[in-house]
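Heads up: the structure comes next, in structure tokens.
Each reported figure results from applying straightforward, stated rules to the coordinates on display, with no laboratory input. Keep in mind it's a predicted model, so treat the numbers as computed, not measured. Backbone-built Cβ (ideal geometry, glycine too); neighbour counts: all protein chains shown.
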2 protein chains.
Amino acid sequence: MTNHISKQFDKELSALRTHILQMGSLVEQQIILALEALHVKNIAQLDKVVEEDDKVNEMELMIDEECQRIIARRQPAASDLRMLITISKITVDLERIGDEATKIARLGKHICEGNQFKSTHARELQKMGQLSLDMLKQSLDAFVRLDASVMYKLFEADQHLDEDFSNELRRLITFMMEDTRVISTAIDILFIAKAIERIGDHATNISEYVVFLAQGTDMRHTASGKKRSQQNE
Amino acid sequence: MTNHISKQFDKELSALRTHILQMGSLVEQQIILALEALHVKNIAQLDKVVEEDDKVNEMELMIDEECQRIIARRQPAASDLRMLITISKITVDLERIGDEATKIARLGKHICEGNQFKSTHARELQKMGQLSLDMLKQSLDAFVRLDASVMYKLFEADQHLDEDFSNELRRLITFMMEDTRVISTAIDILFIAKAIERIGDHATNISEYVVFLAQGTDMRHTASGKKRSQQNE
């Protein structure tokens, strides 16, 4: 009987892990679609990204409810409880990544209305976006393999992304100084770059939860936490 | 014996609630100090806000660990479990509010280095900051009184704050167009306004958790959730 319950419990945990990966794929797809659509000025596709955000939100609620249901019913031991609480926290970060993708799509629509957006901007945002996507993939991969070492790679990648953001900010300031008519578009681009930079932060959060899960060590507010609070400097 | 355990458990929950309020007061104080210091260009006080962020982070970890310890040891029934999970989520939002206060202080230092920051900007940021502080107070008050109705007031206040942000953005664009030398400072001001606007979002999150706690209804991704994903439009 105990064995049976335990097997059932393992199945439930495994289903939750699968749902996290599905939610991860969904937000990844949202980022890819938003940046692609911005590049080719495809308004219909930008609209689609905004609409699909509901799916991300529904997945968060579904996974969160399932976690709480399992905790209440199974009264899991410490390590399983830690897994369930971690899954609940990862969904919050994935949902916020979905929000950032939606923000990119909305700002993208605004940008497409004008004609100040050059392919150099699109390329720079694509480059930053690709880096944030790699980070997201690595963080979810770390979750599946319970690989705590990935966190350090993500700290490094996050620093690169922050530098890319600072460089883009400098370029945009020059762009605005040269021609004041582009200021409004430049600020939209700035907020898109900021949204991408935040996706990297969320991926780093996820890798920190994995360390907590793998080693029982809470890595928030260590080097990376401090670094993150320094953003925008 | 059961009565004894239950009294002990009540004490633990009550201590956690007190800690949440202490953490709330701390981040509130951080926002007040940062905006005041920016107004009078007090660099030492801006530095102090940055340093004190460690205290906020420590409180988050402490409360979070305590929640998990209680869940593991007490194996609480559904409603108490809901309270503990909610407390854990509220600390995440309070910690992020602390991060925003730190961001304001860091950007403030940058601004104080130049002489482009006028008292009109300071007044506008103070006004927005006061609104976000009121929202934070109301959300924590709602948590203490388990008052679900506060959420609707906060939706409204959050809309005002978003409008204030949009107006400030427009003013800053005009400011930059009139004199390109102020662009860098204007962007710092813009990110401070954005940080304040996010404080309002976190306060709204907290009031949504209170509804979940009071009524067992998950209010995320309802009207307010949708509204929030539309920010930056």
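What Kirkwood hydrodynamic radius, in Å, does the protein assembly as shown give when the mean of 1/r is taken over all pairs of distinct Cα atoms and then inverted?
Numbers: mean 1/r = 0.0438 Å⁻¹.
Averaging 1/r across every pair of different Cα atoms and inverting gives 22.8 Å.
From the phi of every residue in segment A:52-67, what ³J(HN,Hα) in whole Hz does the Karplus formula 6.51 cos²θ - 1.76 cosθ + 1.60 yield, where θ is phi - 60° and glycine or proline is x?
Per-residue couplings from phi come out as 5, 4, 4, 4, 4, 4, 4, 5, 4, 4, 4, 5, 5, 4, 4, 4 Hz.
Using Cα atoms only, what is the angle between the long axis of helix A:150-178 and the major principal axis of chain A, expressed in degrees (0 to 90) to the nearest 10?
Taking the Cα atoms of chain A, the angle to A:150-178 is about 20 degrees.
For segment A:66-171, what percent of Cα pairs sit more than 16 Å apart?
Cα-Cα pairs of segment A:66-171 separated by over 16 Å account for 70 percent.
In whole Å, what are the Cα extents of segment A:172-218 along the three principal axes, biggest one first?
53, 14, 9
Taking a label point 7 Å from the Cα of A:SER79 along the Cα→Cβ vector, which residues of segment A:4-48 have an amide N closer than 14 Å to it?
A:10
Where Lys and Arg each count +1 and Asp and Glu each count -1, what net charge lies around A:ILE5 among other residues with Cβ under 13 Å from its Cβ? Please report the intermediate quantities before stating the final value.
Values: positive: A:LYS7, A:LYS11, A:ARG73, A:ARG74; negative: A:ASP10, A:GLU12, A:ASP80.
Cβ neighbours under 13 Å give a net charge of +1.
Using θ = phi - 60° and the Karplus curve 6.51 cos²θ - 1.76 cosθ + 1.60, what whole-Hz ³J(HN,Hα) does each residue of segment A:100-105 get, with Gly and Pro shown as x?
5, 4, 5, 4, 4, 5
Residue by residue through segment A:131-142, what is 3J(HN,Hα) from phi via Karplus (6.51 cos²θ - 1.76 cosθ + 1.60, θ = phi - 60°)? Round to whole Hz and write x for glycine and proline.
Once θ is set to phi - 60°, the couplings for segment A:131-142 become 4, 5, 5, 4, 4, 4, 4, 4, 5, 6, 5, 4 Hz.
Between A:ASN42 and B:PHE9, what FRET efficiency follows from the Cβ-Cβ distance if R0 is 51 Å, with the result rounded to 0.05? Walk me through the intermediate numbers first.
Details: r = 56 Å, r/R0 = 1.10.
It comes out at approximately 0.35.
Could you tell me the ratio Rg/Rh of chain A? Both radii from Cα atoms, Rh via Kirkwood. The partial results should precede the final answer.
Working: Rg = 19.5 Å, Rh = 18.7 Å.
We get a ratio of 1.04 for chain A.
Using Cβ counts within 10 Å as a stand-in for footprinting exposure, how do A:ASP53, A:ASP162 rank, fewest first? Each step should come with its number before you reach the end.
Numbers: A:ASP53 24, A:ASP162 19.
By the 10 Å Cβ count, ascending, the order reads A:ASP162, A:ASP53.
At 222 nm, what helix-only mean residue ellipticity would chain B give, in deg cm²/dmol to the nearest 500, using -39500 (n - 2.57) for each DSSP H run of four or more? Display every interim value, and only then the final one.
Details: 7 runs with 203 residues, N = 233.
Helices in chain B give a 222 nm mean residue ellipticity of -31500 deg cm²/dmol.
What angle do you read, to the nearest 10 degrees and between 0 and 90, between the alpha-carbon axis of helix A:183-215 and the longest principal axis of chain A?
Roughly 20 degrees, rounded to the nearest 10.
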